[in-house]
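Let me begin by presenting the structure, written as structure tokens, before commenting on it.
The values are calculated or read from the model by the stated rules, or taken from the named source; none is laboratory data. It should be emphasised that the depicted structure is a prediction, and the values quoted were computed from it without experimental measurement. Glycine gets a Cβ as well: all are built from the backbone with ideal geometry, and neighbour counts include every protein chain shown. We work out accessible area using only protein heavy atoms, side chains counted, and drop any ligands, DNA or RNA first. Shrake-Rupley method; radii C 1.70, N 1.55, O 1.52, S 1.80 Å.
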Amino acid sequence: MTRRAVVAGTGHYLPERVVENAEFEATLDTTDEWIRSRSGIERRHFAAEGETTSDMAAKAAERALADAGLTVDDVDAIVVATSTPDLTFPSAATMVQSKLGMTKGFAFDVQAVCAGFVYALSNASALIASGQADRVMVIGAETFSRIMDWTDRSTCVLFGDGAGALLLEAQEQPGTNKDRGILATDLNSDGRYKDLLYVDGGVSTQSTGHLRMQGNQVFRHAVEKLASTANTALDRAGLSAGDVDWIVPHQANIRIIQGTAKKMGLSMDNVVVTVQDHGNTSAASIPLALSVGKERGQIKEGDLIVTEAIGGGLAWGAVVLRW
Ligand code: ACO
């Protein structure tokens, strides 16, 4: 028997304010048509004034607990993937712990930008496999609207805010690739590409900074690295693309999503797509898409799922799991 991290519940939260592409036409030299055709994005949500990453993360976690029919007392650890925490410290995860009323266990953040949720899942799976925790709440939550340069049309139209959560629990499974739960992961980064996507501020430079991206350069790396990491993770699980029911990719750009599916030899019928409604929510995009995909009735128990993401660093990776 093998101890696996199995999804016991999902939840997500999107801030109330929806911003359609057309809103940007008033302040920027851009059009709904450009944003839609180059990125696939139609709208995104922005957090309200005073609404923070941990507020959204806690709401998503509460919904995942309700979905699992469990309470916070059943949770041993909280991992939050974010690059936009409320404060420099303590971690957003400990703030979520306090908002949920959780007084035991442990909580920490993972920072790998848009690949953050894949990194967090991989870590949570290892915590469960090693016996350190029986149930881990894994959350991706971001307020990227706080680090946009609203005069830069090449970035500020692409990002949004939100949070998604997965409650993972330890289950003894037979130990084959037909098991439920996380079957394999693959993580990568290459700091030589740090200047392609970064925030030009931070604690030790004493500013908050704004997101800067050479979008077309990131694009060039994306399809190849995403298809490659997804195939590596599948290979590690003793599976191949033909076994996949759903790709649940990081939602940055519909053309990257389509290109990656094509390179893997899969149809768009096998891809959960939410980028049109959420924009790029960085580490929140995959758990948002998993929760929405389940709500839509796309993702069902027993389905084989591959999640993949790439972002600042560059950092990228994939997780193969059976729902
Ligand atoms: N409206 C109108 N024109 C625009 C806009 C806009 N909002 N933004 C840029 N343009 C212009 C550019 O100025 C350029 O004009 P020029 O040819 O006169 O110089 C032209 O459009 C083409 O610009 P490109 O950047 O080459 O356009 P591209 O087709 O590459 O699309 C995009 C840009 C959408 C950013 C795309 O490159 C992309 O999605 N890249 C990957 C993003 C990504 O995956 N990031 C990783 C995750 S994010 C994270 O980790 C935080």
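Run the numbers on region 1-140 and let me know its relative contact order in percent, using alpha-carbon pairs under 8 Å that are six or more apart.
Numbers: 216 pairs, mean separation 37.9, N = 140.
So the answer I get is 27 percent.
Of the candidates T27, T155, T274, which one comes out as most mobile in a Gaussian network treatment of the chain with C-alpha springs shorter than 10 Å?
T27
Quickly estimate the mean residue ellipticity at 222 nm for the chain, helices only: each DSSP H run with n ≥ 4 gives -39500 (n - 2.57), and the total goes over all residues, rounded to 500.
Numbers: 9 runs with 98 residues, N = 323.
After summing the helix terms and dividing by residue count, I get -9000 deg cm²/dmol.
Could you tell me the accessible area of E62 in Å² (1.4 Å probe, neighbours in place), rounded to the nearest ten?
100
Using each residue's phi in region 177-184, evaluate 6.51 cos²θ - 1.76 cosθ + 1.60 at θ = phi - 60° and report the 3J(HN,Hα) Karplus result to the nearest Hz, with x for Gly and Pro.
So the J values, rounded to whole Hz, are 7, 9, 4, 7, x, 6, 9, 6.
Using only alpha carbons, build the gyration tensor for the chain and give me the equivalent ellipsoid semi-axes, biggest first, whole Å. Walk me through the numbers before you get to the answer.
On the way: eigenvalues 163, 109, 62 Å².
Output for the chain: semi-axes of 29, 23, 18 Å.
Would you be so kind as to identify which of G317, L196, G279 lies farthest towards the positive end of the dipole of region 181-322, taking Lys and Arg as +1 and Asp and Glu as -1 on Cβ and the Cα centre as origin?
Farthest along the dipole direction, towards plus: L196.
If r is the Cβ-Cβ distance from M148 to D243 and R0 is 56 Å, what FRET efficiency results, to the nearest 0.05? Don't skip to the end; give the middle numbers.
On the way: r = 39 Å, r/R0 = 0.70.
With R0 = 56 Å, the Cβ-Cβ based efficiency is 0.90.
Name the most mobile residue of L196, L168, L87, meaning the one with the largest mean-square fluctuation, in a Gaussian network model of the chain with Cα contacts below 10 Å.
L87
Give K263/K294; K104/K194; K59/K225; K178/K262 a once-over and call out the pairs whose C-alpha atoms are over 29 Å from each other. Provide the component values of the computation, followed by the final result.
Details: K263/K294 25 Å; K104/K194 37 Å; K59/K225 33 Å; K178/K262 25 Å.
Check vs 29 Å cut-off fails for K104/K194; K59/K225.
What is the chain's relative contact order, in percent, from Cα pairs under 8 angstrom and six or more apart in sequence?
Details: 828 pairs, mean separation 83.1, N = 323.
Reported as a whole number, the value is 26 percent.
What translational diffusion coefficient, to the nearest whole µm²/s, does region 2-173 have by Stokes-Einstein, given a Kirkwood radius computed over alpha-carbon pairs, a temperature of 10 °C and 1.306 mPa s viscosity?
Details: Rh = 16.8 Å.
The estimated diffusion coefficient comes to 94 µm²/s.
D195 versus Q258, label points 7 Å from Cα toward the beta carbon: distance in nm?
3.2
I need the Debye-formula profile for region 124-250: one equal scatterer per C-alpha, no solvent, reported as log10 I(q)/I(0) at q = 0.10, 0.19, 0.23 1/Å, two decimals.
For region 124-250, the Cα-only Debye profile gives -0.49, -1.24, -1.38.
Under a crude label model (7 Å from the Cα following the beta-carbon direction), how far is N216 from F89 in nanometres?
4.2
May I ask you to evaluate 6.51 cos²θ - 1.76 cosθ + 1.60, the Karplus curve with θ = phi - 60°, for each residue of region 287-301 and list the ³J(HN,Hα) values in order in whole Hz, giving x for glycine and proline?
Working through the residues one at a time gives x, 4, 5, 5, 5, 5, x, 5, 4, 6, x, 6, 8, 10, 3 Hz.
What does DSSP give for the chain in terms of the percent of beta bridges that are antiparallel, rounded to the nearest 5?
Working: 43 of 59 bridges.
That works out to approximately 75 percent antiparallel.
Would you mind calculating the relative contact order of region 181-322 from Cα pairs under 8 angstrom and at least 6 residues apart, reporting the percent as a whole number? Don't skip to the answer; put the middle values down first.
Details: 253 pairs, mean separation 54.0, N = 142.
Reported as a whole number, the value is 38 percent.
Report, to the nearest whole %, how much of the accessible area of region 2-173 belongs to carbon and sulfur atoms, 1.4 Å probe, protein only.
On the way: 3280 of 6770 Å².
Carbon and sulfur: 49 percent of the exposed surface of region 2-173.
Determine ³J(HN,Hα), in whole Hz, for all residues of region 127-140 in sequence, where each value follows from phi through the Karplus function 6.51 cos²θ - 1.76 cosθ + 1.60 and θ = phi - 60°; x replaces Gly and Pro.
Once θ is set to phi - 60°, the couplings for region 127-140 become 4, 6, 4, 7, x, 5, 9, 9, 9, 10, 8, 10, 10, x Hz.
State the extension gain, in nm to one decimal, for the chain segment bounded by E172 and Q276, taking 0.36 nm per residue of separation less the distance between their alpha-carbons. Could the numbers behind the result be given before it?
Details: separation 104, 0.36 × 104 = 37.44 nm, distance 3.81 nm.
Value of the extension gain: 33.6 nm.
Suppose each label sits 7 Å from its Cα in the direction of the beta carbon; what would the D73-L28 distance come out to in nanometres?
Spacing of the two 7 Å Cα→Cβ label points: 4.9 nm.
So if the hydrodynamic radius of region 48-103 is defined as the Kirkwood radius over C-alpha pairs, what does Stokes-Einstein give as its diffusion coefficient at 25 °C and 0.890 mPa s, in µm² per second?
Details: Rh = 11.7 Å.
Result for D is 210 µm²/s.
Considering only protein heavy atoms and a 1.4 Å probe, what is the carbon-and-sulfur percentage of the accessible area of region 181-322? Mind dumping the intermediate values first?
Working: 2510 of 5690 Å².
Here carbon and sulfur together make up 44 percent of the probe-accessible area.
If you build a Gaussian network model of the chain, linking Cα atoms that sit under 10 Å apart, which residue out of S83, S98, S204 swings the most?
Greatest mean-square fluctuation among the candidates belongs to S204.
Please compute the per residue accessible area over region 181-322 with all protein chains in place, 1.4 Å probe, rounded to a whole number of Å².
On the way: 5690 Å² over 142 residues.
It amounts to 40 Å² per residue over region 181-322.
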